[in-house]
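First comes the structure, then the notes that go with it.
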Amino acid sequence: MTDIIKVINSKDGVIHGKETNENEIKQAELELGLRFADDYRNYIKQFGCMVIGSREITGISSQENYNVVSTTKAQRNYNKNIPENSYVIEQLNIDGIIIWQSSNGEVFQTSPNTAPMKIADSLVEYIQSL
């Protein structure tokens, strides 16, 4: 499996937040009622949250638009087709498109009130595609 940290560090134009500790990660998981996929946990532990070019990837942050807990809770209210083990990794702000990751690591895309469509096997694969 490719290391998410190496993939992120290989990208140009990355701006990231601060490291996150295990307690902050567990608290976010508890609030959402799920466990983050391993690659997402590793990413938020190292970077907190990040921007790659114009793409804002959620994580642990005091800023609501970057915070996985607040964005996931809000988006769950808008689309009832989202499995409970999924969380928002990116809001594209284009036609209501949202990118989700499930606890098993798969990455999905939704539009308003649509069922999730798988677009990547992992966060690593998704980040590599950006």
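The values are calculated or read from the model by the stated rules, or taken from the named source; none is laboratory data. All values reported here derive from a predicted model rather than from experimental measurement. With ideal geometry, Cβ positions are generated from the backbone for all residues, glycine too; neighbour counts draw on all protein chains shown.
Condition test on Ile99, is it touching a residue at least 40 places away in the same chain (Cβ under 8 Å), part of a strand (DSSP E or B), of a type in the set (Val, Ile, Thr) and crowded, with 16+ Cβ neighbours inside 10 Å?
Details: touching a residue at least 40 places away in the same chain (Cβ under 8 Å): no; part of a strand (DSSP E or B): yes; of a type in the set (Val, Ile, Thr): yes; crowded, with 16+ Cβ neighbours inside 10 Å: yes.
So Ile99 fails the test.
Looking for something among the small types (Gly, Ala, Ser) and within 21 Å of Leu130 (Cα to Cα) - is there at least one such residue anywhere in segment 66-85?
No, there is no match, as no residue in segment 66-85 is among the small types (Gly, Ala, Ser) and within 21 Å of Leu130 (Cα to Cα).
In segment 110-122, how many residues are closer than 16 Å to Ala37 by Cβ and either assigned to a strand (DSSP E or B) or in contact with a Lys or Arg (Cβ under 8 Å, 6 or more places away or on another chain) (or both)?
We begin by selecting, within segment 110-122, every residue closer than 16 Å to Ala37 by Cβ; these are 116, 118-122.
Now narrow it down to the ones that are either assigned to a strand (DSSP E or B) or in contact with a Lys or Arg (Cβ under 8 Å, 6 or more places away or on another chain) (or both): 118-120.
Counting residues in segment 110-122 that are closer than 16 Å to Ala37 by Cβ and either assigned to a strand (DSSP E or B) or in contact with a Lys or Arg (Cβ under 8 Å, 6 or more places away or on another chain) (or both) gives 3.
Every residue, every condition in (1) within 22 Å of Thr110 (Cα to Cα); (2) hydroxyl-bearing (Ser, Thr, Tyr); (3) modelled with pLDDT of 95 or more; (4) under 14 Å from the mean Cα position of the chain (by Cα), yes or no:
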{"position": "Leu30", "(1), (2), (3), (4)": "no, no, yes, no"}
{"position": "Tyr43", "(1), (2), (3), (4)": "no, yes, yes, yes"}
{"position": "Phe47", "(1), (2), (3), (4)": "no, no, yes, yes"}
{"position": "Lys80", "(1), (2), (3), (4)": "yes, no, no, no"}
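Considering only residues of segment 39-57 that are polar (S, T, N, Q) and either in contact with a helix residue (DSSP H, G or I) (Cβ under 8 Å, 6 or more places away or on another chain) or assigned to a strand (DSSP E or B) (or both), which is nearest to Ile4 (Cα to Cα)? Please lay out each step first, then the result.
First, the residues of segment 39-57 that are polar (S, T, N, Q): 42, 46, 54.
Next, from what is left, pick out any that are either in contact with a helix residue (DSSP H, G or I) (Cβ under 8 Å, 6 or more places away or on another chain) or assigned to a strand (DSSP E or B) (or both): 42, 46.
Working: Asn42: 7, Gln46: 10 Å.
Ranking the qualifying residues of segment 39-57, first place goes to Asn42.
Of the conditions (1) over 19 Å from Ser54 (Cα atoms); (2) of a type in the set (D, E, K, R); (3) over 15 Å from the mean Cα position of the chain (by Cα), Lys73 fails just one. Which one is it?
It fails just one condition, (3).
Ile82: touching a residue at least 24 places away in the same chain (Cβ under 8 Å) and not charged (D, E, K, R), yes or no?
Details: touching a residue at least 24 places away in the same chain (Cβ under 8 Å): yes; not charged (D, E, K, R): yes.
Answer is yes for this residue.
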